[in-house]
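Below: one structure, written as structure tokens.
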Amino acid sequence: MTTVIDGKQVAASVIDAVKTASQALKDQAGVKTGLAVVIVGNDPASHAYVSSKSKMAKECGFTSVQHTLPEETTQEELAALVQSLNKDESLHGILVQLPLPKHFNSEAIIQSILPEKDVDGLHVVNAGKLATGDLDGGLVSCTPAGAMVFVKRTHGEDLSGLNAVVIGRSNLFGKPMAQLLLAANATVTIAHSRTKDLAAVCRNADILVAAVGRPEMVKADWVKPGATVIDVGINRIAAPEKGEGKSRLVGDVAFNECAEVAAVITPVPGGVGPMTIAMLMANTVIAAYRRAGKTAPKF
Ligand code: GUN
């Protein structure tokens, strides 16, 4: 029987642990965890994401601050806001929603966030800590951290002897995911669009993680029987069967056929997606514990 991971349920268990941790920090150190979320411009999908992040922060018992800035905001104005959030002792996490409107130098903004408040894990200091195996010192990017929760709940903390293949080499996901798997002792291959015989590389994977942004690219004959398949893709495709002009979400994995070969698989939607917000909350409470000089909880 194939196990289909229920991302919503796992995310809810992480959120419960975050609530407990934030309450304990309040009780023991009088510190209320704080998260600032910044959004610039009018992209409806980004506004929806940001609202759910702000709402979840409140549910976790955090101070939740949202800055909604107009499209015409300048680089200097946004940089000044980040500086003021960096200085604000009531805030432990800062998230600037991406993508920023085209006239921004996004990288300069992201790198201006204090690394200890970079709950997105995008600062080079946090990327560097992960790359050097310092998992307890930095903050790990939320989506790979969430995918790793699934891997560890399936295989345990030690992946010695297991082959892991990550398809995709982005700084946002593929590279940090590969580093997390490596830190857990997996033998890791990063595959990408230039990889020769990608199907054969994937068939070697005990843990296959797909993050390429190509709808249903991973087919059943790419999957090693009994493998764990984690699908990070979110692709909207036409669904004429639902009616004219309708669409549906699919991952990078052809779910139905791969589910017949894999032992464990994540669905889209309802797999990795819900974990991203949960890990953002986890990173924020971790940042608050560290700022208070306390040992941070693990999630
Ligand atoms: N836009 C889409 N996903 C993310 C994310 O994880 N972090 C930020 N900052 N922006 C995003």
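Read-outs: derived from the displayed coordinates by stated rules, not from any lab. Just so it is clear, the model here is predicted, and its values are computed rather than measured. Note that each Cβ is placed from the backbone with ideal geometry, even for glycine, and that neighbours are counted across all protein chains shown.
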Determine by what factor the alpha-carbon radius of gyration of the chain differs from 2.2 N^0.38 Å, reporting the quotient. 1.01
Using all alpha carbons of the range 54-120, what is the percent of pairwise distances in each 10 Å bin, ordered from the shortest bin to the longest? 19, 54, 25, 2
Rounded to the nearest 0.05, FRET efficiency between His103 and His47 (Cβ-Cβ, R0 22 Å) equals 0.70
Could you tell me which of Leu249, Gly271, Ala287 has its Cα farthest along the dipole of the range 237-295 towards the positive end, charges placed at Cβ (Lys, Arg +1; Asp, Glu -1), taken about the Cα centre? Ala287
Which lysines, if any, have their Cα less than 16 Å from the Cα of Lys196, not counting same-chain residues under 8 positions apart? none
What does the charge dipole of the range 132-180 about its Cα centre add up to, to the nearest 20 debye, if the Cβ of each Lys and Arg holds +1 and the Cβ of each Asp and Glu holds -1? 240 debye
Could you tally the net charge around Asp88, taking each other residue with its Cβ under 14 Å from the Cβ of Asp88, Lys/Arg +1 and Asp/Glu -1? +2
Given Cβ point charges of +1 (Lys, Arg) and -1 (Asp, Glu) and nothing else, what value in debye, to the nearest 20, does the dipole of the range 67-188 about its Cα centre take? 520 debye
If each part is reduced to its alpha-carbon centroid, the range 161-236 and the range 102-146 end up apart, in Å, by 22 Å
With bins of 10 Å, the percent of all Cα-Cα pairs of the range 254-299 per bin from 0 is 24, 30, 22, 17, 6
Take Leu95, Leu85 and order them by how many other Cβ atoms sit within 10 Å, fewest up front. Leu85, Leu95
Kindly flag which residue pairs out of Lys87/Lys117; Lys32/Lys58; Lys32/Lys55; Lys32/Lys298; Lys55/Lys102; Lys117/Lys294 have an alpha-carbon separation exceeding 22 Å in this structure. Lys55/Lys102
For Lys53, go through the aspartates and glutamates and keep the ones whose alpha-carbon is under 13 Å away, minus same-chain ones fewer than eight residues off. Asp120
In whole angstrom, note down how far apart the Cα centers of the range 263-288 and the range 1-41 are. 9 Å
Under a point-charge model restricted to the Cβ atoms of Lys and Arg (+1) and Asp and Glu (-1), what is the dipole moment magnitude of the chain relative to its Cα centre, in debye to the nearest 20? 280 debye
Would you work out which of Ile39, Gly174, Ser13 lies farthest towards the positive end of the dipole of the chain, given +1 charges on the beta-carbon of Lys and Arg and -1 on that of Asp and Glu, about the Cα centre? Ser13
Cross-link partners of Lys175 among lysines (Cα-Cα below 17 Å; sequence separation of 8 or more within a chain): Lys129
Quick calc, Lys19 & Ala131: beta-carbon distance into FRET formula, R0 35 Å, rounding 0.05, result 0.65
Per the charge dipole of the range 52-119 (beta-carbon charges, Lys/Arg positive, Asp/Glu negative, Cα centre), the residue among Ala79, Gln97, Thr63 reaching farthest to the positive end is Thr63
So, in nm, how far is label Ala79 from label Arg194 when the simple model puts each one 7 Å beyond its Cα toward the Cβ? 3.3 nm
Please give the direction-averaged projected area of the C-alpha convex hull for the range 186-249, in square nanometres with one decimal. 5.3 nm²
Quick one: work out Rg over Rh on the C-alpha atoms of the range 55-174, Rh as Kirkwood radius. 1.01
